[in-house]
């Protein structure tokens with residue numbers, strides 16, 4: 001997270017105060033915040049305009065323009081934080097001279113009652129930015145939290161938890177970032193990133209895995225992975241013979257999945273998908289699959305409960 005050099009907070013000594021004229025964009029760590037400074041500013045400004053934050057009639061009517069305030073953004077439940085740069089940018093755009101202390105960076109596990117941000121600035125700015133900041137934080141932290149629960153559920157196995165393309169339109173890079181904040185990994189970003197031959201693709205070539213893989217190899221970039229969705233042992237056998245790099249075991253019972261993993265025998269990577277839940281993900285991981293893709297990480301994650309409390 002970007003900080004102003006040399007401007008340290010007296011409490012706590014391990015944190016820094018971030019004047020809000022500097023967007024807090026992560027660029028040097030493993031999370032790799034996906035938006036540039038300009039994209040961050042534009043995305044947040046669009047959200048503030050959508051919310052009427054620059055014409056907040058309630059706040060303008062009730063709060064004096066010179067009123068200053070202290071507030072804390074607090075977690076109301078246990079979870080993993082994601083979206084701090086967006087929240088900071090929301091407060092910055094409504095109060096460029098305000099300051100915030102970040103007590104929980106993206107990827108941090110927090111408990112109920114933990115302070116995430118401590119804010120000092122104009123009361124009007126805080127009030128008008130509050131909902132947009134919380135919308136970003138609660139949505140992305142909810143995804144990070146759910147991802148962390150899946151990752152914890154398969155701890156000690158060889159399986160990695162992946163997301164899917166089942167994301168909110170326009171939010172994909174942010175939601176996939178939140179999955180990483182929760183300890184998960186990203187599947188392909190988009191349709192141009194790699195080849196994934198699914199059942200409908202196979203139906204278009206009369207069910208021939210060999211033909212589908214051959215055509216993909218002729219067209220796809222040389223370094224593109226070729227993955228084939230399989231629903232039976234016969235399809236797995238065909239995918240191995242065709243030289244697929246990854247074999248997707250789709251909606252298989254655990255027993256059948258384990259047989260398919262043994263059949264592949266390390267000649268390709270294996271991925272489980274379909275019907276994955278916290279209740280069954282560990283048994284799936286114990287089949288020996290390399291990856292488990294979970295659409296629910298992004299399409300069904302509940303928002304994490306947070307609130308902004310004025311002191």
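Only the coordinates and a few stated rules stand behind these numbers; no lab work does. All values reported here derive from a predicted model rather than from experimental measurement. Glycine gets a Cβ as well: all are built from the backbone with ideal geometry, and neighbour counts include every protein chain shown.
Computed quantities for the displayed model
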read-out: Degrees between helix 172-181 axis and first principal axis of the chain (Cα, 0 to 90, nearest 10); value: 90 degrees
read-out: C-alpha center-to-center spacing [segment 46-78, segment 155-186] in angstrom; value: 31 Å
read-out: Mean Cβ neighbour count within 10 Å, used as a protection proxy, ranking 115-121, 275-281 highest first; value: 115-121, 275-281
read-out: Label-point separation in nm, residue 278 to residue 78, each point 7 Å along Cα→Cβ; value: 1.0 nm
read-out: Burial ranking of peptide ranges 210-216, 154-160, 97-103 (average Cβ count within 10 Å, highest at the top); value: 97-103, 210-216, 154-160
read-out: Percentage relative contact order, the chain, counting C-alpha pairs under 8 Å, at least six apart; value: 20 percent
read-out: 10 °C / 1.306 mPa s Stokes-Einstein diffusion coefficient of the chain, Kirkwood radius on C-alpha pairs, µm²/s; value: 74 µm²/s
read-out: C-alpha long axis of helix 37-50 to longest principal axis of the chain, angle in °; value: 70 degrees
read-out: Helical mean residue ellipticity (222 nm; -39500 (n - 2.57) per DSSP H run of 4+; nearest 500) of the chain; value: -11500 deg cm²/dmol
read-out: Bridge type composition, the chain - antiparallel percent by DSSP, nearest 5; value: 55 percent
read-out: With Cα atoms, 0 to 90° folded angle of helix 233-242 axis to the chain main axis; value: 90 degrees
read-out: Listed residues 240, 84, 219, most fluctuating in the chain (Gaussian network, C-alpha, under 10 Å); value: 219
read-out: Ratio Rg/Rh [Cα only; Rh per Kirkwood] for segment 152-299; value: 0.96
read-out: Calculated SAXS-style log₁₀ I(q)/I(0) at q = 0.24, 0.32 Å⁻¹ - segment 73-120, Debye, Cα scatterers; value: -0.84, -1.21
read-out: Potential lengthening between residue 307 and residue 46 on full extension [0.36 nm per residue; Cα-Cα distance subtracted]; value: 91.8 nm
read-out: Estimated FRET transfer efficiency (residue 66, residue 191; beta-carbon r; R0 51 Å; 0.05); value: 0.45
read-out: Gap separating the Cα centres of segment 195-230 and segment 80-119, nearest whole Å; value: 44 Å
